[in-house]
Amino acid sequence: IRDSTRNGTRVWLGTFNSAEEPGLVYDQAAFAMRGASAPLNFPSKKVKKSLKNMNYKCEDGLSPAEAIKEIHRARSSFSSPFWFLT
């Protein structure tokens, strides 16, 4: 995704196990950066609910896209059978 809070810098959001996951993660980042005006793949209600369920918070100094990336990276490293190798 292009991070509008960092002059359009590209942010790699991660690698995912299903076709739906990257679309939802993209939507989470887009919604976090642009709010209701963001074009989304999924209904905004689903995106808002997913952000709430993961307790999304953007720390000071971190872009919304980077915050989403870090949350998903932490989750995927523990769900992998080889999380201890990463």
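The values are calculated or read from the model by the stated rules, or taken from the named source; none is laboratory data. The structure presented is a predicted model; accordingly, all values stated were derived computationally and were not measured. Cβ atoms come from the backbone with ideal geometry, glycine included; neighbour counts cover every protein chain shown.
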### Query
Quick check, is Leu24 of a type in the set (A, V, I, L, M), in a loop (DSSP other than H, G, I, E, B) and either surrounded by 10 or more Cβ atoms within 10 Å (Cβ to Cβ) or at positive phi (or both)?
no
### Query
Any residue in segment 36-50 that is at pLDDT below 90, in a helix (DSSP H, G or I) and of a type outside the set (S, T, N, Q)?
yes
#### Entry: Hey, Thr5 outside any helix (DSSP H, G or I) and β-branched (Val, Ile, Thr) or not
no
